[in-house]
Structures are given as C-alpha cells and as structure tokens.
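Notes to accompany the following structure.
The values are calculated or read from the model by the stated rules, or taken from the named source; none is laboratory data. This structure is a prediction, so every number in the text was calculated from the model and none was measured. Cβ sites come from the backbone with ideal geometry, for glycine too, and all protein chains shown count toward neighbours. Remember, those area values only see protein heavy atoms, side chains included, never the ligands or the DNA or RNA. Shrake-Rupley method; radii C 1.70, N 1.55, O 1.52, S 1.80 Å.
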Amino acid sequence: MAVWPASGGAGRAATPLVAGRDERDAGASRRQAPLLTPMNRRALLIRTAGLAAVVGGAWWARETLLWPKPTLTFGESGATPWLAYARLSRVPTVRVRIGGLEVVALIDSGAQYSVIDRALVASLPSAGRSMFDMPLVAYGVGGGAQVGRGTTLAVDLPGLAIRGLRAAILDLGPLASKDGLQSPLILGQDILGEAVLALDPGKRYARLVRREAFVRPPELVPAAVRRLGGSLVTEVTVEGAPIRAVIDTGASSLLGLSREAASGAGLLDGRPQGSGISLVLGGAIRALTVEADSVTFAGHLYRRVTVGVFDQPPLPNFPGGLVGMEAFRGRRAAMDLGTGSLFVSRPLDLTVG
C-alpha cells in the first residue's frame, strides 16, 4: 500500500493514501532531503522577512474561459510516487519533462492557469507544438500585467502523463531565473482541478493522485473551504477580523493580505512595519510587512504572524488574502480543487508562533 514518506528512524509505515502500492512504489525514500543552507542568494530572494515570497500565479482579467481541460493519464497505481521538492523553498517544486528536457515546475494552487516561461518555450523543439493567441491579460500580486501567447504542452512526471495542457507564455522573471526559484513552469488550477494534490511539507514531498484512487488517511480531517472559480477559498481571522483567502501553494509564508484587507483588519494602524522581497509574475517587488498578534486558519491559532501586504490589481475577483505553505508547517495536507476539498492533519501544537 502507498504511504506518506516515513519519518526518519520511525520504523513503521504511515497511514495509507492510495491502495495497492508498497513503500518503495510510494517514493518513501529513506534518503534525507537536501539540508537548507542559509545565506544562499536564491534563498534570500525567496524567503526575505517572512513575506509571501513566492507568488507566481497569474490571475486573469476574465474569471472563466472556454479552455479545454488537459488529459491526465496515471499509471497502474493511480498516483505519482512521492516526489521530493526540487528547490529549497517551502513551496512545492517537482522535476518534470517537456520536449525531452528536464525542468522544474512549481505546483501552484493560486494560479488560475498553467504558465511557461518564454525562454523555456524558445528552447523547446518547435515540431508538433501548437501556438495560439490568448485574448487575456495576466496579473500577478503587486499589480504587474502581461499579455501573452499560449502553447499546448505534453508534460511527463513519474507515473503521470499530462497531454493537451494549454499554458500561457509569459516572462516569469526571477521565478524562472538562476537567481530566483529556477522554476520555468507553473502547474496551476487546470491541473489541480483534475487530481488530488497530497503534500508532506515536513518531509518536503508532494504527489498527484487520481481522484478515484485517493483514500483519505484518518489523521487528515476536512477543513472549511469552498470552491470559487477554480480556487479553494477559506475564511481566516486576523486579530478577530474575518477575511476571505485563497489556499495558495505558490506562496511561502503563512498569510499575505491586500492593502485593503490589511487595513480592514486594523493592521495598518501605525504599528511597526518592515519590508521584504516577493517574487511575482515577471519580477520582484518590495512590499511592507506587519505583525498580526493572532491569525486563525483551519481551526488553529497562530500567534505573532508576519503578514505581507500587497497592492491589489484592478480585478473584482482578486482575493483579499493568500494562505501559503507556512500554514501547513508541521501538518500534512491533501487538496482537490475539482471537488472543493481540503484535508489537513492537526499541527503538533494548537498554538504556533
């Protein structure tokens, strides 16, 4: 049976996730993930000041689009093995193959559509690859806008073939560069709406599971979320103020808020402010940070949370908040954007901070 990655030295299997696989098939390798190295320039760009330091997803001027769904074909097991994070950031990055090249992809539940960097497209074989115009404008957190063309991709992961993936061609800037996340491909809600994403942030592993093959481990309990468009939306409270936020695996911090939401929660009340660097669509921005005394998410209380504040693009559907990967520290999670479901384990302590 498939298991969550085994704890080092634990000596026993974790709870099954998918029936019919053994520990080796599940990718539960006993080798340790690479150690995080401080003062790395790439890590500095990604993690400065605890800001929502990777927000790569593109939000679009239209909420819906007549957009063919990609085809996901899993192997016999119905799931990929557990895939180790390919980069040192908290956000899930995995190695994939496109056009015979191995590249790193960011799995981003906050990106409405998948995106490929222009430079990567230029390096791919042109034979058999279709291009098309996209009558859309893409916005990133911080308000930057791009108009891009699109292409159809074939993407391969261990145990999974993705065909007919229509991706926007945009300049991803530091998200794709050597000085940034080095991830020139973003797998967005078009993929995550067709499969279950399972995450074990503590062990730095991720996997995709065919919806019909997913078996929820008993330690993962439902969280209060709903589907809005292709996103998972939840209500968080910030010092008692309720705020609607999107579950965003492309954001590294616990919580990022629009300036309007931060003001409404009373965070811009003259308290001390800091600053940080956030990698966004096409570049990097410096934004302010403030400390919230309390934040609640998925039934748990977090104390003294550094919150990044971003300028909201001129879109009526843009979220007021982004719940990022730090919210899952010490927890395991599984999300299904297609059914509007999120399951999380309880953190080791009720209060984190």
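Observations, loosely collected:
- So Pro184, is it touching a residue at least 24 places away in the same chain (Cβ under 8 Å), in contact with a helix residue (DSSP H, G or I) (Cβ under 6 Å, 6 or more places away or on another chain), open to solvent by 10 Å² or more (accessible area, probe 1.4 Å) and not small (Gly, Ala, Ser): yes
- Qualifying residue in segment 282-305 (condition: assigned to a loop (DSSP other than H, G, I, E, B) and open to solvent by less than 20 Å² (accessible area, probe 1.4 Å)): no
- Of all residues in segment 57-70, exactly one satisfies the criterion of being basic (Lys, Arg) and either under 22 Å from Thr93 (Cβ atoms) or modelled with pLDDT under 65 (or both), namely Arg62.
- The listed residues are Ser275, Ser263, and the only one of them that is surrounded by fewer than 24 Cβ atoms within 10 Å (Cβ to Cβ), at pLDDT below 95 and over 22 Å from Met335 (Cα atoms) turns out to be Ser275.
- Residues (charged (D, E, K, R) and not in a strand (DSSP E or B)) located in segment 241-264: Asp248, Arg259, Glu260
- Tallying residues that are open to solvent by 40 Å² or more (accessible area, probe 1.4 Å) and modelled with pLDDT of 95 or more within segment 228-243 yields 4.
- Tally, over segment 320-343, of residues that are out of contact with any Leu (no Cβ under 9 Å at 6 or more places or on another chain) and open to solvent by less than 20 Å² (accessible area, probe 1.4 Å): 0
- All of (1) at pLDDT 90 or above; (2) crowded, with 21+ Cβ neighbours inside 10 Å hold for Thr151 with one exception: (2).
- Note on segment 95-104: residues that are touching a residue at least 12 places away in the same chain (Cβ under 8 Å) and either crowded, with 24+ Cβ neighbours inside 10 Å or more than 30 Å from Val225 (Cα to Cα) (or both) total 6.
- Here segment 189-221 is the region considered, the condition is being outside any strand (DSSP E or B) and β-branched (Val, Ile, Thr), and the residue that is least open to solvent (accessible area, probe 1.4 Å) is Ile191.
- Conditions (1) outside any strand (DSSP E or B); (2) at pLDDT 95 or above; number of the one not met by Thr73: (1)
- Positions within segment 154-173 being open to solvent by 30 Å² or more (accessible area, probe 1.4 Å) and more than 16 Å from Leu120 (Cβ to Cβ), in sequence order: Pro158, Gly159, Arg163, Gly164
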